[in-house]
1. Label 7 Å along Cα→Cβ of Y360; the stretch 389-417 residues with amide nitrogen under 17 Å?
2. Under a point spin-label approximation (7 Å from Cα along Cα-to-Cβ), what is the N274-F563 distance to one decimal in nm?
3. For D383 and H162, calculate 0.36 nm times their separation in residues minus their Cα-Cα distance, and state this gained length in nm to one decimal.
4. Report the calculated FRET efficiency for R315 and W266 (r = Cβ-Cβ distance, R0 = 25 Å), to the nearest 0.05.
5. Excluding same-chain residues fewer than 8 positions from K511, which lysines have a Cα within less than 16 Å of its Cα?
6. If you find the alpha carbon centre of the stretch 609-653 and of the stretch 133-199, how far apart are they in angstrom?
7. Taking all protein chains together and a probe of 1.4 Å, list M151, M176, M494 from the most accessible to the least accessible.
8. To the nearest 10 square angstrom, what accessible area does H548 show with a 1.4 Å probe?
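The values are calculated or read from the model by the stated rules, or taken from the named source; none is laboratory data. Since the structure is predicted, the reported quantities are computational estimates derived from the model, not experimental observations. So basically every Cβ, Gly included, is an ideal-geometry build from the backbone, and we count neighbours across all protein chains shown. All accessible areas refer to the heavy atoms of the entire protein, side chains included, with ligands and DNA or RNA removed. Shrake-Rupley method; radii C 1.70, N 1.55, O 1.52, S 1.80 Å.
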Amino acid sequence: MFSNKAISLFAGLLTSLSALSQVPADTISVSTLDSVVVSSFARTVGINGSAAKGLDIRMSALEAYPKVLGTADPLKYVQSLPGVTTNSEWESGLIIQGCEAGQSIIKLCDVPVYGQGRLLGLFSVFNPGHFDKIRFKTSTASRRIGGEFCMNTADTLSRALHGEANVGPVSTHATMVFPIGEKSSMAVSARRSFIDIFYKGLLKMDESEMNYKFYDINASYLYKPDEFNTIDVNAYFGLDDGLAGNDKSSQKIKGRWNNAVANIRWRHRKNDFNITTQAYGSVFFMNGYMTIGENSGFLDDHIANVAIHSTAEWRGWNFSAEADYYNIQPQNFHVLSSGSKSDHIQPEQHSILSTLKSSYRLSFGDFALTPSLAASLYSDLSDKNFFPRIDPELSAEYNFYKGGHLNLDLGYKHQYLFMTGMTNSGFPVEFWLGCGKYSKPQASLYGTLSYSVNLLNDTFSVNLQAYGKRLWNIVEYSGGLASIADMNYNLQDMLLAGSGCNYGITTHIQKNSGKLTGWLSYSWGRALRKFDNPNFPYIYPSSHERRHELNAVASYKIRKWTFGGNFIFASGMPYTPVSSAYYLNQTLMVKYGERNSKSLSPYIRLDLSVGFDIHNSGRFRDGVNVSVQNATARGNQMTAVLKIKDGKYSYAPIKFLIPVLPSINYYCTF
């Protein structure tokens, strides 16, 4: 189905990378995590990990990352790594090695968070001050075929009151941590955006006004009854409210969405035996309203997930058992056109996913092998569909001592949830579906080969990587914002099922020490799709494909001053043009052209920041940070929309019209 040229290219890349094992003997040894390299410089920059545990990044390590809009965003930090696609101001989520956002998982304290997007892509998904470290992998132990990003709280007790605050015109957040007796402590955080107050009238989407606000709160309780046991309870709630356009605009979008998670987790660590058990709940609700000309539509959807998971580790063995219950409301559409109303209601889905998994790590000197096997049963209780699946995986590592580190990952995985909808609309109007009625489980056959080495006494690190993924039973959405004007809207007619192929290469060069630190990374990749629909006979690029991406990050610290900057160049994402639009019997009819046959212009952005510490003595530190996002004032194209004005129709890319987004923030820690 896909060209032999692509397969040959990937095979050639693997062969070429394997030859890199012959490295001069005066280089420095490193260790890796799956496809993301964690070198021995981790001890100096707060980064460490292994192929088994993942990449752990201390929040303190982000001090070296530019603080655009006052804070160093951990999600943007990860997006600057090779193989992870950069988002524009109009997008959210993680696109890892060509996989869609719904194929990767974002977690808070090991709890999946659904609908975690922030409008405009300006804000971190979570309040960074509440968390202690990040875990990132380009693969995941969860039933997803993409990667994983997890924010974790501190696992040590606080012995004294401390906290931090960051105050600015874009957003403000504060965190307070305090002890409760000898064996427990509590952390509470709150955050609120002020872009709706201080930037009102300045934010525009192609000459249409925009307004947006959000707030979120976090609370975490940590209890350590003894040296072997830890119990923690975590809760999060977020609410977003956004508007693009006004009553005079030909197109207006308004949305409100909120998500909430809570968990209780017990961890036991003694000698070489570890066990973790947690129960959690996670919910997401979305309500939206859109107008195009004389037509309007309402939409709503939700997903709720409650689960209990348990993992045990002993002498190289790892065992896990998971049980998840899902209640999913696929997106309902209510279309209004010239006084007529058409309701398109989807039935709720109820399902249970049960998973057992085991793995064992075999070590033979410098060589290690970790085979694993997962058995899952997805039970669609609504339509009585049952999907038993087996997922084998294999990780192989070889340490060349002073010659670097080689890692190979192979596997076959399944995913039972789908996220689809009007991608790149700027609002999180994508929605979730469970397999069964709409599709069989997604499947991925993947391989990743990476080589890493440290140079010049760990001053520099280099990572090369090649990856390939063959996908089956993927689901994409063929409609767009104009679909809300269709009185004959049918969800199943909008869903495209098919197969796909992701492949690419990445390079990453990092300077780890000295006053000047940073990195340069380049990624080339393809994400191709083939659909089981005669109206789509060709192979098409995915809606999130960026073939080329270059990221440059630098930070320079001298005395009380810290200067930072990051530069992004990325190929424009593809979109589907509209070939014609007209009214028929007072109903707007839209005909689309070839799928994803046009592309937005390249995305180019330069962000700059300067920080100055006013005081930095012992436990108290404060200062001022001045930053500018999009310092070159480039008008990057966000997405393409249908415009209706004076009876004439056009469909073209739109821009985020604020030339630059400046911010001055006061920060303090105590």
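1. 392-396
2. Between N274 and F563, the simple spin-label model gives 4.2 nm.
3. 74.3 nm
4. 0.75
5. Reachable lysines: K557.
6. Taking the Cα centre of each part, the stretch 609-653 and the stretch 133-199 sit 23 Å apart.
7. Greatest to least solvent exposure: M176, M494, M151.
8. About 70 Å², ignoring ligands and nucleic acids.
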